[in-house]
Amino acid sequence: KAGVTQTPRYLIKTRGQQVTLSCSPISGHRSVSWYQQTPGQGLQFLFEYFSETQRNKGNFPGRFSGRQFSNSRSEMNVSTLELGDSALYLCASSLFGTPAETQYFGPGTRLLVL
Amino acid sequence: DAKTTQPNSMESNEEEPVHLPCNHSTISGTDYIHWYRQLPSQGPEYVIHGLTSNVNNRMASLAIAEDRKSSTLILHRATLRDAAVYYCILRGITQGGSEKLVFGKGTKLTVNP
């Protein structure tokens with residue numbers, strides 16, 4: 001079974017631009033969660049999608065948004081990029097997104113904002 | 001903000017046991033304790049998780065305190081491949097029905113040959 005894939009793996013953008021990151025979950029998994037990881041703040045939860053609906057949301061500004069498609073693939077978008085958005089963006093999938101389940105992480109997209 | 005508390009770093013010798021502690025005093029009765037590890041330039045990898053009872057799998061053991069306010073990840077015989085950052089994470093559901101996620105900063109484990 002293929003693991004979670006994320007594209008692109010690396011991205012360089014400038015302040016003010018927007019960016020879209022993609023995540024393909026493990027086949028059959030319906031829950032996709034997104035995380036931001038920085039050296040200073042560590043892992044922070046962005047949002048979770050289940051069956052095309054945003055079910056949970058972390059404490060991030062509205063510039064961070066996402067969506068999920070009917071095949072469970074998910075995208076996240078960051079508009080009006082700021083220097084502080086430079087981070088590793090991780091997505092993780094699981095069958096139903098319950099607390100008892102294992103989450104499977106992708107390798108991440110490393111975003112650098114100049 | 002609620003968080004899990006872990007030592008910043010720990011060191012071990014190859015083939016010796018390693019005990020990685022985590023404090024989670026804000027845990028509620030239905031929160032699961034998850035452990036993940038992350039190697040450089042990779043996404044986190046699942047290690048083990050539990051609710052109340054101690055758990056064992058092929059990778060590690062998880063010992064959960066009776067009051068559930070702390071837990072310990074046990075690697076029985078550390079190998080060089082176990083060198084990673086280990087994260088202790090609480091996952092649950094709030095009273096409002098939203099997901100509860102509590103992270104720590106992780107413990108960087110160094111394994112000496």
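A few comments on the model shown:
- Partner chain coverage, peptide B:88-99 - average Cβ within 10 angstrom: 3
- Peptide B:34-44 has a mean shielding of 5, counted as Cβ atoms of other protein chains within 10 Å of each residue's Cβ.
- Cross-link partners of B:K108 among lysines, defined as those whose alpha carbon lies under 26 angstrom from its own and excluding same-chain residues fewer than eight positions apart: B:K3, B:K69, B:K100.
- Cβ crowding within 10 Å averaged over residues, with B:47-54, A:23-30, B:84-91 ranked highest first: B:84-91, A:23-30, B:47-54
- Residue by residue, segment A:57-62 carries 3J(HN,Hα) couplings of 9, x, 8, 10, x, x Hz when phi is fed to the Karplus relation 6.51 cos²θ - 1.76 cosθ + 1.60 (θ = phi - 60°); x denotes Gly or Pro.
- Of all accessible heavy-atom area on chain A, the percent that carbon and sulfur account for (1.4 Å): 52
- Accessible area expressed per residue, segment A:16-96, with surrounding protein chains retained (probe 1.4 Å, Å²): 41
- Calculated diffusion of chain B, Stokes-Einstein form, Kirkwood radius summed over Cα pairs, 37 °C and 0.692 mPa s, µm²/s: 231
- Bridging of A:K57 to aspartates and glutamates at a Cα separation below 19 Å is possible for A:E48, A:E75, A:D85, A:E101, B:D1, B:D31, B:E99, once same-chain residues fewer than 8 apart are set aside.
- For A:G66, distant residues with modelled amide H under 5 Å away: A:N77
- Inter-part distance where segment B:37-60 and segment A:83-114 are each reduced to a Cα centre, Å: 17
- Over chain A, relative contact order from alpha-carbon pairs under 8 Å, at least 6 apart, %: 36
The values are calculated or read from the model by the stated rules, or taken from the named source; none is laboratory data. Computed from a prediction, not measured in an experiment: that's the story for all the values here. Backbone-built Cβ (ideal geometry, glycine too); neighbour counts: all protein chains shown. The accessibility values were calculated without ligands, DNA or RNA, using every heavy atom of the protein model including side chains. Shrake-Rupley method; radii C 1.70, N 1.55, O 1.52, S 1.80 Å.
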